[in-house]
Amino acid sequence: FKIKLIRDVLALDVTVVVSDIDTAWVKNPIPYIHRYPEADILTSTDQLGPTVQDDSLERFPDAGSAFNIGIMLFRPTSKAFVGNIPGSAWKKPFICPADHVLDLEGGWHRHRMELGPKLEYREYSFFQNPRLPPHVNNSRVNVRVCLPGEAGCASGDGPAPIKDGVLRLAPDMNSDQIAKALEGTQGIKVLTLSNAASAFKQFSEPDAQARFENRLKHYTSVFCCLEKNPGWIWYDFYADRPHTDRFNRKFETWLPKHGDVDTNVEGYKVPGRRSLLELGAAGQEAQEAQARFENRLKHYTSVFCCLEKNPGWIWYDFYADRPHTDRFNRKFETWLPKHGDVDTNVEGYKVPGRRSLLELGAAGQEAQEAGAAEEAGTAGQQQWDPAAELGLGLPQRLGLPRRLQSEEAEQLQEVRFLRTMHADAMFSEP
């Protein structure tokens, strides 16, 4: 909603400053904003440690924490970007920002020798940026990984030929072989991979391979949120094989664990295996879960309104087709509508497939008496008739009758369940 609101206000060709309600401003921010007229967007971040000595903008990539949308500025020049923020529209499959799965600030920005050389990366829309020089964007070679046994694919014993902008590599090569095959692309600015399956087997040097695997262990982010602390689970690139993770927890078969501790998340079922909860405990827990679910359904329904007698409503009931106890602990063998939260049946209800609960003679008599009493109560009263005055041809009184079929006389008798409503309720002034 916040992104949509910003986009809608930007359409007025104004600059938008967004500030959360729990944010306190200690001085006027406008002079600071004017200090950066070239910025389309300014935003706060989750960076806790300063990367500069004054009040200037934090230094990237040292300040590599995720954006925090508590304080944001959008100039009109940002309209194209705001309308295309990944995740701003809920579409499936959901394309989420990279730092929902990858720990960008922890695994990518810091120069840690145990993870290998520092890597640079660009935003997802880098190649669509109009400031990217055309000679860079157009300098491309498409690298295609061949199928096993496919002929004419470079094996890494020398530079691979480039034909019609395509370079073909044999699958499952190590880093030295790939480097050798790509020597002919040194002047090319952009390499694209048309397929990545089996593109890379491993690094040629064991130390480099160990640093790469350690890097992958630290690249993932967390899945949130669990009820028990620590309330998150770390994603794990090596979940499909025996390994030791970033917290030195050993796995033969991967199980989700709480945060950085060695406590399993309860109730997780390994795909293709029995529940990790033993059968007895699992059975008991399943019964309790089923009971909670059924109780939830009992409380999900709303009311049907309105009856003449109090309480003037009937609760809908998901379990009306079976014996049960409802949300008010009323027991039903065969469901009958009851008034509100009390144990009083609604008179006149006809169980489907049976005769009316009101006996035929009494039903006809009561319907006639109800109609006569209503007519007597309203006789002589001068009431405004908006339907007639407006020429709408509507009945003066509105109601929702339930009709009962008389099995003897085959006549329809009207039993008035709902209090009649004056038509002026539909035409009341705003």
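The values are calculated or read from the model by the stated rules, or taken from the named source; none is laboratory data. Model, not experiment: these values are computed from the prediction. So basically every Cβ, Gly included, is an ideal-geometry build from the backbone, and we count neighbours across all protein chains shown. Just so you know, the surface numbers come from the protein's heavy atoms only, side chains and all, with ligands and any DNA or RNA stripped out. Shrake-Rupley method; radii C 1.70, N 1.55, O 1.52, S 1.80 Å.
Take the residues in segment 243-252 that are out of contact with any Lys or Arg (no Cβ under 8 Å at 6 or more places or on another chain) and in a loop (DSSP other than H, G, I, E, B); name whichever of them is surrounded by the most Cβ atoms within 10 Å (Cβ to Cβ).
Restricting to residues being out of contact with any Lys or Arg (no Cβ under 8 Å at 6 or more places or on another chain) and in a loop (DSSP other than H, G, I, E, B), the top hit is 247.
Taking residue 171, is it open to solvent by less than 40 Å² (accessible area, probe 1.4 Å) and either assigned to a strand (DSSP E or B) or of a type outside the set (Phe, Trp, Tyr) (or both)? Working first, answer last.
Values: open to solvent by less than 40 Å² (accessible area, probe 1.4 Å): yes; either assigned to a strand (DSSP E or B) or of a type outside the set (Phe, Trp, Tyr) (or both): yes.
Taking the combined requirement at face value, the residue satisfies it.
So residue 8 clears everything in (1) within 23 Å of residue 104 (Cα to Cα); (2) among the acidic types (Asp, Glu); (3) outside any loop (DSSP other than H, G, I, E, B) except one condition, right? Which one?
The single condition residue 8 does not satisfy is (1).
State which residue pairs qualify: first residue touching a residue at least 40 places away in the same chain (Cβ under 8 Å) and inside segment 175-194, second residue in a helix (DSSP H, G or I) and exposed (fewer than 15 other Cβ atoms within 10 Å of the Cβ) in any location, beta carbons under 9 Å apart, and separation of 6 or more residues or different chains.
Between residues of segment 175-194 that are touching a residue at least 40 places away in the same chain (Cβ under 8 Å) and residues that are in a helix (DSSP H, G or I) and exposed (fewer than 15 other Cβ atoms within 10 Å of the Cβ), the close pairs are 189/135; 189/136; 189/137; 190/127; 190/136; 190/137.
Within segment 195-218, is there a residue that is in contact with a Ser or Thr (Cβ under 7 Å, 6 or more places away or on another chain) and among the charged types (D, E, K, R)?
No, segment 195-218 contains no residue that is in contact with a Ser or Thr (Cβ under 7 Å, 6 or more places away or on another chain) and among the charged types (D, E, K, R).
Going by the conditions given, is residue 187 modelled with pLDDT under 95 and surrounded by fewer than 12 Cβ atoms within 10 Å (Cβ to Cβ)? Walk me through how you get there before you give the answer.
Working: modelled with pLDDT under 95: yes; surrounded by fewer than 12 Cβ atoms within 10 Å (Cβ to Cβ): yes.
Spelling it out, residue 187 is indeed modelled with pLDDT under 95 and surrounded by fewer than 12 Cβ atoms within 10 Å (Cβ to Cβ).
How many residues are exposed (fewer than 10 other Cβ atoms within 10 Å of the Cβ) and in contact (Cβ under 8 Å) with a residue 12 or more places away in the chain if we restrict to segment 23-48?
1
Which residues, taken from segment 312-331, are within 19 Å of residue 293 (Cβ to Cβ) and open to solvent by less than 90 Å² (accessible area, probe 1.4 Å)? Please lay out each step first, then the result.
To start, the set of residues in segment 312-331 that are within 19 Å of residue 293 (Cβ to Cβ) comprises 315-329.
Scanning segment 312-331 gives 315, 317, 319, 320, 323, 324, 325, 326, 327, 328.
One line per residue, one yes/no per condition, for (1) part of a loop (DSSP other than H, G, I, E, B); (2) open to solvent by less than 90 Å² (accessible area, probe 1.4 Å); (3) at pLDDT 85 or above; (4) outside the structural domain of residue 1 (by the TED database):
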position: 57; (1), (2), (3), (4): yes, yes, yes, no
position: 72; (1), (2), (3), (4): no, yes, yes, no
position: 77; (1), (2), (3), (4): no, no, yes, no
position: 84; (1), (2), (3), (4): yes, no, no, no
position: 88; (1), (2), (3), (4): yes, yes, no, no
position: 99; (1), (2), (3), (4): no, yes, no, yes
position: 106; (1), (2), (3), (4): no, yes, no, yes
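What pairs come out if I take residues in segment 220-236 that are under 17 Å from residue 249 (Cβ atoms) and pair them with residues that are open to solvent by 80 Å² or more (accessible area, probe 1.4 Å) and assigned to a loop (DSSP other than H, G, I, E, B) whose C-beta lies under 6 Å away, six or more apart or interchain?
220/235
Within segment 278-303, can you find the residues that are surrounded by 14 or more Cβ atoms within 10 Å (Cβ to Cβ) and either at pLDDT below 85 or among the aliphatic types (A, V, I, L, M) (or both)?
Answer for segment 278-303, where residues must be surrounded by 14 or more Cβ atoms within 10 Å (Cβ to Cβ) and either at pLDDT below 85 or among the aliphatic types (A, V, I, L, M) (or both): 282, 285.
Looking only at residues in segment 190-222 that are part of a helix (DSSP H, G or I) and charged (D, E, K, R), which one is surrounded by the fewest Cβ atoms within 10 Å (Cβ to Cβ)?
Taking segment 190-222 and keeping what is part of a helix (DSSP H, G or I), we get 206-219.
This time we only want the ones that are charged (D, E, K, R), so: 207, 211, 213, 215, 217.
Working: 207: 9, 211: 17, 213: 17, 215: 18, 217: 18.
Here the answer is 207.
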